[in-house]
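The values are calculated or read from the model by the stated rules, or taken from the named source; none is laboratory data. Since the model is a prediction, treat every value here as computed from it, not as a measurement. When we count neighbours, we look across all protein chains shown, and the Cβ atoms used for this are built from the backbone with ideal geometry, even at glycine. Each accessible area value is taken on the protein alone, full model and side chains, heavy atoms only, with ligands, DNA and RNA left out. Shrake-Rupley method; radii C 1.70, N 1.55, O 1.52, S 1.80 Å.
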Amino acid sequence: MVEISDSATRAARDLRVMFSRMRRRIREVAQDADLTPSQESALTLVSKHGAATASALASAEGVRPQSMAATLAALDQQGLIRRSPDPTDGRRQLVTLTEAGQARVEGNRQARDEWLARAFQDRYTEDERRTLLTAIELLERLSRP
């Protein structure tokens, strides 16, 4: 077994910490005061998956079906999702976004993208941004199987 270098260990730790901080900061940017993190996450998940059952969403989110049901009930009360019968199985319901839900997701995404682009513009030089783009290409290898 090949020993792991100190630089690899440090890079792993520092990258994990930085990603956690960045994820928190990006979430804060467009944080909806009236949505819990679970509700915001579920709303984004419905946006990505399109029509899906509550159990499929629970599985994708890694939560219990009962937890997803409670989250979806809150989103339904706010008019952000709609439920309709599954055309292939009338016992199940499919969850989709309403126009208000789609607008919320798109608005949050746009706010986050604008914040991040502005932060890159204001905090880094052009050369530093090019360096970051190169680093992102290198880091992309970590996400491949």
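The table below lists the values:
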{"item": "Of residues in segment 14-50 being among the basic types (K, R) and free of Cβ contacts under 8 Å to residues at least 12 places away in the same chain, the one least open to solvent (accessible area, probe 1.4 Å)", "result": "R25"}
{"item": "Count - residues of segment 64-112 that are in contact with a strand residue (DSSP E or B) (Cβ under 7 Å, 6 or more places away or on another chain), surrounded by 15 or more Cβ atoms within 10 Å (Cβ to Cβ) and of a type in the set (G, A, S)", "result": "1"}
{"item": "Residues of segment 52-81 satisfying the condition of being under 17 Å from the mean Cα position of the chain (by Cα), part of a helix (DSSP H, G or I) and not aliphatic (A, V, I, L, M)", "result": "S59, E61, T71"}
{"item": "Pick from segment 25-45, criterion more than 11 Å from the chain's Cα centre (by Cα) and assigned to a helix (DSSP H, G or I), ranking: nearest to Q102 (Cα to Cα)", "result": "Q39"}
{"item": "Any hit, segment 97-104, residues being without any contact (Cβ under 8 Å) to a residue 60 or more places away in the chain, within 19 Å of the chain's Cα centre (by Cα) and under 25 Å from M22 (Cβ atoms)", "result": "no"}
